[in-house]
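Presented below is the structure to which this report refers.
Read-outs: derived from the displayed coordinates by stated rules, not from any lab. Keep in mind the model is a prediction, meaning the values are calculated, not measured. Because the Cβ atoms are built from the backbone with ideal geometry, glycine has one as well, and the counts that use them run over all protein chains shown.
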Amino acid sequence: EGIIPPQLYPNIVQSLPFQLELLNTRVAFPEFDTTTTVYTFFDEIHTPSVFSYITGYTIGLPGKIMGLFREEAPEQPLPRGFATDSIISVTKDQMKIIEDMRERMTVNLDEESGTLTLTAQMPDPQAAAEVGQAGITLIQEYIKNYRTRKATQNLEFAEEQLAKARKRFEQAQARLAEFRDSNVILSTAK
């Protein structure tokens, strides 16, 4: 009870809350001589490949032209510190970076040995190691928080059941006392 099956870990890693936490993690990128959040790195520092530029200007040209005439929306910060099961809103550009990060991090389960393998691919080897370690830490925190929530729910249920049982016991005691008081002198002349 209170255990997340390892088969669900890949789903946890791909979930939006997990990805947002990961993208908000500060990581060192020695090859780029900077330390910043993973999101800021992909949003401002990392330059896309030549192929993505060509694709952006051939396939995405109509959108780029329309963008020149449209008013720029102000940049929104990446959500952080949200409550469990809350609704999370991200922009289209943020979602592109999240999707990119989902492809860069994978978790595989070896059913035979029960071993989980987390793989992180980044443009910088040091950053890949740090992102991988951050991913492991986030999974551990997620599991710890899940177990804590589950234990809290179980405790609340047990306390509720105890309160109901105590109330029934006190009602039964009151009925017994009332019965004894009303049947004290029952002797008759017969």
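Classify region 118-190 from the C-alpha gyration tensor, please: rounded if a/c falls under 1.5, else prolate or oblate depending on whether a/b exceeds b/c. Can you show the working numbers first?
Values: a/c = 13.98, a/b = 11.65, b/c = 1.20.
Verdict is prolate for region 118-190.
Each peptide in 133-145, 15-27 receives the mean, over its residues, of other Cβ atoms within 10 Å, and ordering these scores from highest gives 15-27, 133-145.
The per residue volume of the convex hull around the alpha-carbon atoms of region 127-168 is 26 Å³. Count Lys and Arg as plus one, Asp and Glu as minus one, and take only other residues whose Cβ is under 12 Å from that of residue 96; the net charge is then -3. Excluding same-chain neighbours fewer than eight residues apart, the aspartates and glutamates reachable from residue 92 by a Cα-Cα span under 20 Å are 21, 43, 44, 71, 72, 75, 100, 103. Fully extending the segment from residue 170 to residue 90, taken as 0.36 nm per residue of separation minus the present Cα-Cα distance, adds 23.4 nm.
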